[in-house]
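The values are calculated or read from the model by the stated rules, or taken from the named source; none is laboratory data. The shown structure was predicted, so the numbers you read here are calculated from the model rather than taken from an experiment. Note that each Cβ is placed from the backbone with ideal geometry, even for glycine, and that neighbours are counted across all protein chains shown. Just the protein is used for accessible areas: all its heavy atoms, side chains included, with ligands, DNA and RNA removed. Shrake-Rupley method; radii C 1.70, N 1.55, O 1.52, S 1.80 Å.
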Amino acid sequence: MQSLRELYKIGRGPSSSHTIGPERAAKLMKNRHTDADKFIVTLYGSLALTGKGHCTDEVLRKTFAPAPCEVIFDKTSPCPVHPNTLDIRAECSGKELATTRFYSVGGGTIRIEGEPGANTGIDEGVYPLGTYDDISAYCKSKNIRLWQYVQECESDDIFGYLGDIWEQMKASIHEGLTTSGVLPGCLGTQRRAQHLYNQRHIDESAQTKENRLVCSYAFAVSEQNAAGGIIVTAPTCGSCGVVPSVLYYMQQTRAFSDEQVVRALAAGGLVGNIIKTNASISGAECGCQAEIGSACSMAAAALAELFEMGLGQIEYAAEVAMEHHLGLTCDPIAGLVQIPCIERNAVAAMRAINALSLANFLADSRKISFDLIVKTMYNTGRDLLNSYRETSSGGLAKYYPVNKLHFE
């Protein structure tokens, strides 16, 4: 498995697959062909169908500047390898220098057709074990925790990196809570994080307050993402609000140290890595279950580590979190990461806390392994109709009345 540096990435929203991934591909192509005076990018599949709403074309033009960049939206050609496919053609004086096909496979990670992963700067061999069963067995044999396995595989340097990740997560929450107004795009979506944070219920119980605060943090990060702000992929831009919201809430209410939170991020990241390796974190490939479901699993595992639960309890928390997102479709209205995406981050954050509570009591009676639920999620996602896999052609995206002239 890859380093957690490839899972947690600081970048600009609104979509890891549609902005961060294509941006990385464009930078690589630009560096390879410094003599090019023009670039032509053809987007296929989900990139073509929802690229306008996700600002893919804008990111590409900015990245290739000052060289001109023509962006073509091919909405009909098949994508047999991955639904997030793009071709980049470099030209000089009207003649082709090279054309390279890239796949944006989720979380900002890119693959290059015909080239091994090492050519994108990705080290696939950081973690020798790739399933929860194997990692758990190894940790038991050495009497270590998940974060210590991360330390063993990545060295102490990873905690400095995760510390920076945590600082950015907190910064995204702060920015989102102190910003009001309307989000970009044709929907006219109001920012609501600040309102949630400040508006105490008239008869607010402790449970209601917890829900309100956790949701306000999730809204804050997700709204920053939707506005093209700086966030952390956890594991994607579209699901970036889940992990930071629950960890920030627990730190604020229970005084966990930054060091404890960073260790929790390591454990949650390991769970995300297992999903990314054995299934998918791409909404275009497996629906929203691969994004929000994965984020919820990561958050639940991180919380269980924060409370120093056992390996079996961490597994149960992560499994419950994913199991009850199975079949969740990806149907962003107008291709924007706003409706239903922002609210889903908040709901998944609360579900992660519920999964933690269940793991505290019921882990010994569990029947389903985390590895099995990851396999199930992947196959469920592949069985979804294409219209429910980030194409904005089914579900809410199909029935919500939007003037398409605003975003096509």
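What size of dipole, in debye to the nearest 20, comes out for segment 85-198 about its Cα centre when the only charges are +1 on Lys and Arg C-beta atoms and -1 on Asp and Glu C-beta atoms?
In total the dipole reaches around 560 debye.
Considering amide H positions built from the backbone, and no H for Pro or chain starts, which residues 5 or more places from Leu97, or on another chain, come under 5 Å of its amide H?
Ala90, Glu91, Cys92
Which residue, Leu303, Thr233, Ala346, has the largest displacement toward the positive end of the dipole of the chain when charges sit on each Cβ (Lys, Arg +1; Asp, Glu -1)?
Ala346
Antiparallel versus total DSSP beta bridges in the chain: what percent is that, nearest 5?
Of those bridges, close to 75 percent are antiparallel.
In the Gaussian network model of the chain, springs joining C-alpha atoms below 10 Å, which of Gly395, Gly107, Gly125 carries the largest mean-square fluctuation?
Greatest mean-square fluctuation among the candidates belongs to Gly125.
Please identify the trypsin sites (Lys or Arg not before Pro) of segment 308-408 that satisfy two criteria: DSSP loop assignment and at most 14 other Cβ atoms within 10 Å. Which are they?
Lys367
For the chain, with the dipole built from +1 on Lys and Arg beta-carbon atoms and -1 on Asp and Glu ones, taken about the Cα centre, which of Leu187, Ser245, Ala317 lies farthest toward the positive end?
Of Leu187, Ser245, Ala317, it is Leu187.
Taking only Cα atoms and a 10 Å spring cutoff, compute GNM fluctuations for the chain and point out the largest among Cys296, Cys55, Cys186.
Between Cys296, Cys55, Cys186, it is Cys186 that shows the largest mean-square fluctuation.
What FRET efficiency would be calculated for the residue pair Thr208, Glu124, taking the C-beta separation as r and a Förster radius of 60 Å, to the nearest 0.05?
Given R0 = 60 Å and the Cβ-Cβ separation, E is 0.85.
What is the gain in length, in nm to one decimal, between Arg200 and Ser357 on full extension, counting 0.36 nm per residue of separation less the C-alpha to C-alpha distance?
Result for the pair: 54.0 nm of gain on full extension.
If I compute solvent accessible area with a 1.4 Å probe over the protein chains, what percent of it on segment 256-313 is carbon and sulfur?
42 percent
Can you compute the charge dipole magnitude of the chain about its Cα centre, using +1 on each Lys and Arg Cβ and -1 on each Asp and Glu Cβ, nothing else charged? Give it in debye, rounded to the nearest 20.
That gives the chain a dipole magnitude of about 760 debye.
Using the Cα centre as the reference, give the magnitude of the dipole from point charges on the C-beta atoms of segment 143-247 (Lys, Arg: +1; Asp, Glu: -1; all else neutral), rounded to the nearest 20 debye.
The calculation lands at about 540 debye.
Over the chain, give the accessible area per residue in Å² for a 1.4 Å probe, as an integer.
Heavy-atom accessible area per residue stands at 40 Å².
Specify the angular offset, from 0 to 90 degrees and rounded to the nearest 10, of the alpha carbon long axis of helix 21-32 from the longest principal axis of the alpha carbons in the chain.
The angle comes out at about 50 degrees.
Once the dipole of the chain is set up with Lys and Arg at +1 and Asp and Glu at -1 on Cβ about the Cα centre, which of Ile292, Val126, Gly394 lies farthest towards its positive end?
Going by the Cα projections, it comes out as Gly394.
Any idea what the relative contact order of segment 312-408 is, in percent, if you count C-alpha pairs under 8 Å spaced at least 6 apart?
49 percent
Counting only C-alpha contacts under 8 Å and six or more residues apart, can you give the relative contact order of the chain as a whole percent?
19 percent
Quickly work out the Arg366-to-Asp74 label distance, labels modelled 7 Å from Cα along the C-beta direction, and quote it in nm with one decimal.
4.4 nm
Would you work out if segment 188-282 is rounded, prolate or oblate? Take a ≥ b ≥ c from the square roots of the eigenvalues of the alpha-carbon gyration tensor; rounded if a/c is under 1.5, else prolate when a/b is larger than b/c, oblate otherwise.
It is oblate, given that a/c is not under 1.5 and a/b is not larger than b/c.
Probe radius 1.4 Å, ligands and nucleic acids ignored: give me the carbon and sulfur share of the accessible area of segment 176-252 as a rounded percent.
In segment 176-252, the share of accessible area belonging to carbon and sulfur is 46 percent.
Reachable aspartates and glutamates from Lys30, Cα under 12 Å, same-chain residues fewer than 8 places away excluded?
In chain and number order, the partners are Glu91.
Say we join alpha carbon atoms closer than 10 Å with springs in a Gaussian network model of the chain; which of Ser172, Ser15, Ser205 then has the biggest fluctuation?
Ser205
Starting from the amide H of Val402, placed 1.01 Å from N in the peptide plane, find each other amide H under 5 Å away whose residue is 5 or more places distant or on another chain.
Here the answer is none, since no amide H 5 or more places off falls under 5 Å of that of Val402.
Can you work out the FRET efficiency for the pair Asp133 and Asp156, with r the C-beta to C-beta distance and R0 = 30 Å, to the nearest 0.05?
FRET efficiency, Asp133 to Asp156: 0.65.
Sort Thr56, Thr63, Thr131 from largest to smallest accessible area, using a 1.4 Å probe on the heavy atoms of the protein chains.
Greatest to least solvent exposure: Thr131, Thr63, Thr56.
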